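Each value in this text was obtained by applying a stated rule to the coordinates, not by laboratory testing. Owing to the predicted nature of the structure, the values given are computational and were not obtained by experimental measurement. Cβ: placed from backbone, ideal geometry, glycine included. Neighbour counts: every protein chain shown.
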Amino acid sequence: MLALTLLTVFVSLCHAFVPAKTWQNANIERAIDLQRAYVAERWSIEVKNIDSIPNSEYYLAIPHQLWDRLSVFSVYSENSQSVLPTELLEEATTSDNGNTLVNYIKVTLPPVAPKSTYKITVTLSITDIIEPLPRELKMTDEQTLLLQTTKTAVSAYDTKSYSLKLINVVEATEIDQIHGQAIEDEGNVKNNALTYEFQDVAPFTLKPLHLIYKHNLPLPRINNLQRGIWVSHWGATVQFVEDYQLTNQAAKLDSGFARAEFMKNKNTRQSHALLALQLQLEPEAEDIFFTDLVGNVSTSKPLGQSLYIKPRFPVFGGWHYNFTVGWTTPLSNYLKDLGDGEYTISVPFLNGPPDVAYDHVDLSIYLPEGSEVLDVACPIGYETISEDYELSYFDLGNGHTKVTISFDNMVDQVGKFEILIKYKYGFKEWMTKPLNIAKYVFVALISYLALSKIDIALKAKK
């Protein structure tokens, strides 16, 4: 469980790295969407240059308790809607007892003149700050979740006006951190949103927020995804094969599973059990399959560019389900011929279900045998990247050229990004496989013909 220490720390208690007081947050509007299985935040920040010279470096503070749980983020200008350059800094601000208070994302703005303002929008996806509470319940009980975050914006600058809006909230109760008892909160509920407002917030002011809210839906989590993309020039196809290890992180059953009770209630109320998944298919997908550890699963249905799959059993909290899906699409949808035997292929990062977080993803692109990788472009940060070979059908040499990119702590929102690989695959390499196959077939036929001429019959001596 993520524990946020209740304290209010001001800049006078901090040392190590502290940004210069060149900015003031004229207004911060922070929205947290609680509809997902992870937390999605959107910040609208109006910054004012209070220095006597133009400035362009703004330091966005992230509470240290959330830093390691930050999956993806983006910062762009509200004025031009363009993405702004960012950098994750190693420097951090610490409290007087040596504990890290905040970490920083450095945002590079266009030069802002003194006394002028500039608006930026920040999106954050944060995992592992919500959990079921209570941890166990009956099959028909409604599930509630505990959100643990900060109520205030822990900024390095003075904040004139600040508001926090928690959206898609039906019922919510703020609780005491230590005793877990409900307390009178400072928020107002309106139109399924809980809003907090503050004025004149000092730098590094941290107020924890512990909120219990109703969320009677499953919390799917992909523990491991092995995503393979096989490129075939001879077949003019791209085959996608995905191996999923999934867990429902919802509340566990306190007394075991009762099928009769489940069947009686499954059509009359929402359930925190995972009953079905929707996956995104690529255009013109065919040869679609869905299997698990037992074998082929017939409860799947492609509809448009979506594949709806139903596990063999309802996946309740703490239960696991491993399965494999795959399909084939035309190569022309992804490949670009640059001439002189050089190609680029652009493939999507994910095709998985919406509203899920991924602990680990291995994305492997299998290029034709004999390919030479020239460059790899990935728009998001990765853990490792490697190049290897893997033997497949009719591979007679080293095998397919395999490029593997590994990621940790991802969310479904990065699925729209694409991985670009530039490689060389000339006419010689293109003809190698059929010529080798023809050579072995020819040798086999000649051997058969030669052997057929040998008389191996047993005859009695005269």
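Quick check on my link table: of K138/K310; K264/K416; K21/K416; K48/K214; K106/K151, which ones sit more than 30 Å apart, alpha carbon to alpha carbon?
Table pairs above 30 Å Cα-Cα are K264/K416; K21/K416; K48/K214.
As an exercise, find the ratio Rg/Rh for the range 243-304 from alpha-carbon atoms, using the Kirkwood inverse-distance average for Rh.
1.02
Calculate the all-directions average of the projected area of the range 11-214's alpha-carbon convex hull, and give it in nm².
One quarter of the hull surface, i.e. the mean projection, equals 12.6 nm².
What FRET efficiency, computed as 1/(1 + (r/R0)^6) with R0 = 35 Å and r the Cβ-Cβ distance, is obtained for E136 and I385, rounded to the nearest 0.05?
0.25
Full-extension gain between K439 and D375, please, as 0.36 nm times their residue separation minus the C-alpha to C-alpha distance.
Separation in residues times 0.36 nm, less the Cα-Cα distance, equals 19.7 nm.
So how far apart, in nm, are the two label points at T324 and L275 if each is 7 Å from Cα heading toward Cβ?
2.9
Determine one quarter of the surface area of the Cα convex hull of the range 220-431, which equals its mean projected area, and express it in nm² to one decimal.
One quarter of the hull surface, i.e. the mean projection, equals 13.2 nm².
Hey, can you rank 50-59, 116-125, 210-219 by average C-beta count inside 10 Å, highest first?
Highest to lowest by the protection proxy: 210-219, 116-125, 50-59.
Scaled to the compact-protein estimate 2.2 N^0.38 Å, what is the alpha-carbon radius of gyration of the chain, rounded to two decimal places?
After normalising by residue count via 2.2 N^0.38 Å, the value is 1.26.
Over the Cα atoms of the range 280-391, what radius of gyration and what Dmax do you get, in Å?
Cα radius of gyration and Dmax of the range 280-391 are 17.0, 54 Å respectively.
How far apart, in nanometres, would the label points at D68 and K453 be if each is projected 7 angstrom from Cα along the Cα-to-Cβ direction?
Going by the 7 Å Cα→Cβ label model, 7.5 nm.
Express the C-alpha Rg of the range 190-286 as a ratio against the empirical globular expectation 2.2 N^0.38 Å, rounded to two decimals.
Cα Rg divided by the expected 2.2 N^0.38 Å: 1.78.
Between S163 and E284, what is 0.36 nm times their sequence separation minus the Cα-Cα distance? Round to one decimal in nm.
So the extension gain works out to 39.0 nm.
Using 0.36 nm per residue of separation minus the Cα-Cα distance, give me the extension gain between I50 and F257 in nm, one decimal.
Stretched fully, the I50-F257 segment lengthens by 68.3 nm.
Picking from A31, G341, V201, whose Cα lies most toward the positive end of the charge dipole for the chain (charges on Cβ: Lys, Arg +1; Asp, Glu -1)?
Positive-most Cα among the choices belongs to G341.
Hey, got the dipole for the chain? About the Cα centre, +1 on K and R Cβ, -1 on D and E Cβ, debye to the nearest 20?
It comes to approximately 1500 debye.
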